[in-house]
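The values are calculated or read from the model by the stated rules, or taken from the named source; none is laboratory data. Keep in mind the model is a prediction, meaning the values are calculated, not measured. No Cβ is skipped: glycine too gets one built from the backbone with ideal geometry, and neighbour counts run over all protein chains shown. Ligands, DNA and RNA are excluded from the accessible area calculation, which covers all protein heavy atoms including side chains. Shrake-Rupley method; radii C 1.70, N 1.55, O 1.52, S 1.80 Å.
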Amino acid sequence: MRRLSRVVGLTLVVVGLGILGALEAQEPKRGGRVVLGMGVEPENLDTIRMASAPAAMVSEHITQTLFTVDLQGNIVPELVESYEVSEDGRVWTLRLRRGITFHDGTPFNAEAVKFNLDRFLDPESKAPFRFLIARITDVEVLDEYTVRLTTDQPFAPMLAHLSHSFIGMLSPTAVQELGSGIETNPVGTGHFKMKTWTRGESILLERNPDYWEAGLPYLDEVMFRFIPEDAARVVALEAGEVHAIMRVPPADIPRLEADPDIEVLKVPSVRTIYIGFNNQKAPFTDVRVRRALNYCVDKEALVEFVLEGVGRVSDAPFSPGIFGYSPMTPYEYDPERAKELLAEAGYPDGFKVNLYHPTGRYLMDAAIAEAVQAQLKECGVEAELITLEWATYLATLRKPPEEAVHDMYLLGWGCVTNDADYCLYPLFHSGEWPPVGWHLSYYKNEEVDRLLDEARVTPDPERRAALYKRVIEIIWNDAPWLFLYSEVQVNAVRKGVQGLIHHPREYILATEAWLEQP
Amino acid sequence: MWRYVVWRLLLTLPTLLGAVTFVFLMVRLLPGDPAVAIAGVQATPEFVEQVRREFGLDQPLPVQYITFLGRLLQGDLGISTRTRQPVWEELWARFPHTLELALAALVVAALIGIPAGIISAVRPYSLFDNFSMLVALFGVSIPVFWLGLMLMLLFSVQLGWLPATGRGTLAHLVLPAVTLGTASAALIARMTRSSMLEVLTQDYVQTARAKGVPERVVILRHALKNAFIPVVTVLGLQLGTLLSGAVLTETVFAWPGVGRLVVESILARDYPVVQGVVLLLATTFVILNLIVDLVYAWLDPRIRYE
């Protein structure tokens, strides 16, 4: 026994030394500049007015949020130290971290949080994402580092929604002094400070020397360069003009993988791609038809051959890694079964429908629509493809059911709050049909409505998860969509850059990155 | 002459008004809403309403139009719905870059096109002529996108001589200018060639030769100056084409000009910026045309403007 413990002890020491050695080799170096290549320039950087992933990507380096989401999908405090929620789920008390200042020296405290939340909630604020926390009726300062939020009814997704990049904390002094200037000169508490923004070209950030997490950040500067064309972004990476890029086209993956100086990373995304049926219009009023089409399409083949492996077949209406996810068994590819179901439903010879799809909005979207069209034809379903430019597409589809033009439509939904409420409520609750929301499949199931309403106001996470599990089961069996796949982001990084964070919210963070040779 | 210039400038006003009105109506006829383009599928109805109110898009079209013209007369192009920056600032930050690229491309085009055209005309149907006209055919046919990417792969990735994307040094200008200028070079070469061929057959050239004027002088002084009128027209119009045709080149090379701005703005239904860019390009085009007309008079003293 004693001998055994000695062996174990020795092993532990050896392993320990190994880890230490590895740590030593990985010791971050200070200084230098990392350049990230992105396709789209942020529209502006005033957190409350932002609305896109590129804006969030830049902003996350400058401005921080009360809570944040880690790579495992957990919601963890960032500027908050601890919190508690009242029994009835309506009052949230947040205790803030102490000793943090904004880049302009303004202290980060309860007053600053109240200023930011009030500004976000002001109906005149023009915040596109005001709905995230619109349930808050009062923000109260209890003492210098304690804030109390009150909602009109229990609102369980609160913490997940407070982690949203668009509810970033800006310096109240700067917002008041700069006015609209805050849009191009955000002043936050983050790792980096705004240095210059050259419209159409790049944004340059510099190190925040007073950053509150000891030792961070390592880099002197981070630059974001805007290169709209996918192929040109790949070339810029190969030429060494940028350190990392996003959205590598599938065709370029093998070439980059063969390059010893470049590493290709496949990162799960919170965006799910689906084809919705018009559930209020024949033939899709019949659940057998909806199921039949799910059996008719070979999702594995779409992912493997059209997306070249860059996707994950859906086993729920949203991706794993999000609170409330529970997997179902995907409808297997079975055209015979599909034909039987169609015959049962009274369509032995199939039918003709239209299938709306965007082109260039999602990876290979048009090719996916074509592949689905070809597979449906095998089951006797003729789908006429209609494609429109993106803004036109959205305007055309977003109609109340009686004015709807679509039978089927391809769309994606980025569940950016990491909470099932946002993945399910807007897309399956019958109160969200246009003109109210974006529920374009006009699916209506009273039990789903009831469960979604209940889950929204249930503070207990376990109970909520159980409710969502039930919702997912019902939705899966009702098949209001042709379930397809969730996206996988393909990023590529040059060797020599360490510590980049590739986030499922579709951005790369250099907050903890460093260069092997600064 | 000055009276002519002033008169011509006054005549441009209806042209510009027409262009602006056309674009004003066109962008509004497109389906799609700026608010939805900003917030995407996540846009709430309240937000959509708010944006419509903020930018006056809830007003009837005639009211919007009169408001727009009224502001325009005061030199106010409005605020971008996408970035919320004044449109003037957006244009001012980008137009010089587009002008820089277009001028560089024109220089490339002229330096290649004119000599190639002259040599081809002097030795018609020679090996050089056939070869350069074949190359010119390729030049006008090659898609800008493809050419740009090939040049980048060769000169930036393989050889590492020139930067692939962005703007800054003179080196950054080379690849985009060559890419953009190639089609124009081909066109100018063909134009110069045919114009020279025509002039070279005229009597006064024969006379000059008969007088014993050296061939070089005959070609470069006597023939070229007269052959230049159509070439100058093409050059002037090409500059206009290059300015508006820079859209693709700017996209491929991540060049921060108005071409990329207008593409992004159309996609985002950013009406004020689209209107601003079109007004700016239309004005430039009209002024270029005027300059071309004035250059005629300098090239050919028989042309008078009264």
field: segment A:435-518 - Rg over Rh from alpha carbon coordinates, Kirkwood radius
entry: 1.19
query: Taking the Cβ of B:Leu267 as the center, what net charge do the other residues with Cβ under 10 Å away carry, scoring Lys and Arg +1 and Asp and Glu -1?
result: -1
- line: Between the alpha carbon centres of segment A:282-307 and segment A:315-375 the gap in Å comes to 3 Å
query: Taking segment A:271-487 on its own, what percent of its Cα-Cα pair distances exceed 30 Å?
result: 17 percent
message: Beyond 14 Å, how much of the Cα-Cα pair distribution for segment B:226-306 remains, as a whole percent?
response: 68 percent
query: What's the longest piece of chain A with no exposed GluC sites (Glu not before Pro), counting a site as exposed if DSSP puts it in a loop and it has at most 15 other beta carbons within 10 Å?
result: A:333-515
message: Computing the accessible area with a 1.4 Å probe over protein heavy atoms, can you report the carbon and sulfur percentage for segment A:167-244?
response: 42 percent
- line: The FRET efficiency for B:Leu294 and B:Leu111, from their Cβ-Cβ distance with R0 = 22 Å and rounded to 0.05, is 0.40
statement: The correct ranking of A:Lys299, A:Lys469 by accessible area at 1.4 Å, largest first, is A:Lys469, A:Lys299
- prompt: Summing Lys, Arg as +1 and Asp, Glu as -1, what charge do residues with Cβ under 12 Å from the Cβ of A:Leu216 carry, A:Leu216 excluded?
  reply: -1
message: Given points 7 Å out from each Cα along the Cα-Cβ axis, report the B:Leu73 to A:Ser82 separation in nanometres with one decimal.
response: 6.8 nm
statement: Semi-axes a, b, c in Å (a largest) for segment A:281-322, each sqrt of 5 times a Cα gyration tensor eigenvalue, come to 24, 15, 7
task: Enumerate the calculated ³J(HN,Hα) couplings along segment A:447-462 in order (Karplus 6.51 cos²θ - 1.76 cosθ + 1.60, θ = phi - 60°), each rounded to whole Hz, writing x wherever the residue is Gly or Pro.
output: 5, 4, 4, 5, 5, 5, 4, 5, 4, 5, 10, 9, x, 6, x, 5
query: Can you give the accessible area of A:Arg225, probe radius 1.4 Å, in Å² rounded to 10?
result: 30 Å²
Relative contact order (%) - segment A:63-187, alpha-carbon pairs under 8 angstrom, separation at least six: 32 percent
- line: For A:Thr101, other-chain or 5+-apart residues with amide H closer than 5 Å (H placed, Pro excluded) are A:Phe108
- prompt: What list of ³J(HN,Hα) couplings, whole Hz, do you get for segment B:69-82 from phi and the Karplus terms 6.51, -1.76, 1.60, once you set θ to phi - 60° and write x for glycine and proline?
  reply: 5, x, 5, 4, 4, 8, x, 9, 8, x, 10, 5, 6, 7
- line: Heavy-atom accessible area of A:Arg291, protein chains in place, probe 1.4 angstrom, given in Å² to nearest 10, is 80 Å²
- request: Please report, in debye to the nearest 20, how large the charge dipole of chain B is about its Cα centre when each Lys and Arg carries +1 at its beta carbon and each Asp and Glu carries -1 there.
  value: 900 debye
- request: DSSP loop (so not H, G, I, E, B), at most 11 other Cβ within 10 Å: list which chymotrypsin sites (Phe, Trp or Tyr not before Pro) in segment B:133-224 pass both filters.
  value: B:Trp161
message: Please compute the modelled spin-label separation between A:Ile474 and B:Leu267, points set 7 Å along Cα→Cβ, answer in nm with one decimal.
response: 3.9 nm
- request: Please report the Cα spread of chain B along all three principal axes, rounded to whole Å, starting with the longest.
  value: 83, 57, 31
query: In square angstrom, rounded to the nearest 10, how much accessible surface does A:Ile136 have for a 1.4 Å probe?
result: 10 Å²
Set of aspartates and glutamates with alpha-carbon distance to A:Lys469 below 18 Å, sequence-local pairs under 8 removed: A:Asp315, A:Asp419, A:Asp421, A:Glu446, A:Glu447, A:Asp449, A:Asp453, A:Glu454, A:Asp460, A:Asp478
message: Eigenvalues of the Cα gyration tensor times 5, then square-rooted: what semi-axes does that give for segment A:117-263, in whole angstrom, largest first?
response: 37, 20, 16
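Taking N as the number of residues in the protein assembly as shown, what value does Rg over Cα atoms divided by 2.2 N^0.38 Å take?
In units of the 2.2 N^0.38 Å rule of thumb, it is 1.10.
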- prompt: Using 0.36 nm per residue, how much length does the chain from B:Glu198 to B:Val140 gain when fully extended, once their Cα-Cα distance is taken away?
  reply: 18.6 nm
- request: Just reorder A:Phe318, B:Phe55 by solvent-accessible area, largest first, 1.4 Å probe, all chains present.
  value: B:Phe55, A:Phe318
- prompt: Which one of B:Leu200, B:Ala136, B:Thr251 has its Cα pushed farthest toward the positive end of the charge dipole of segment B:87-299, where Lys and Arg give +1 and Asp and Glu give -1 at the Cβ?
  reply: B:Leu200
statement: Given Cβ charges of +1 for Lys and Arg and -1 for Asp and Glu, the option among A:Leu117, A:Pro209, B:Gln50 whose Cα lies farthest towards the positive end of the dipole of the protein assembly as shown is A:Pro209
Simple spin-label estimate for A:Thr285 and A:Glu389 in nanometres, 7 Å along Cα-Cβ: 3.7 nm
- line: Of all DSSP beta bridges with both partners in the protein assembly as shown, the antiparallel percent, nearest 5, is 75 percent
- prompt: Which three extents, in whole angstrom, do the alpha-carbon atoms of segment A:63-187 cover along their principal axes, largest first?
  reply: 41, 32, 32
query: Relative to the Cα centre, what is the charge dipole magnitude of the protein assembly as shown, using +1 at the beta carbon of each Lys and Arg, -1 at the beta carbon of each Asp and Glu, and rounding to the nearest 20 debye?
result: 2760 debye
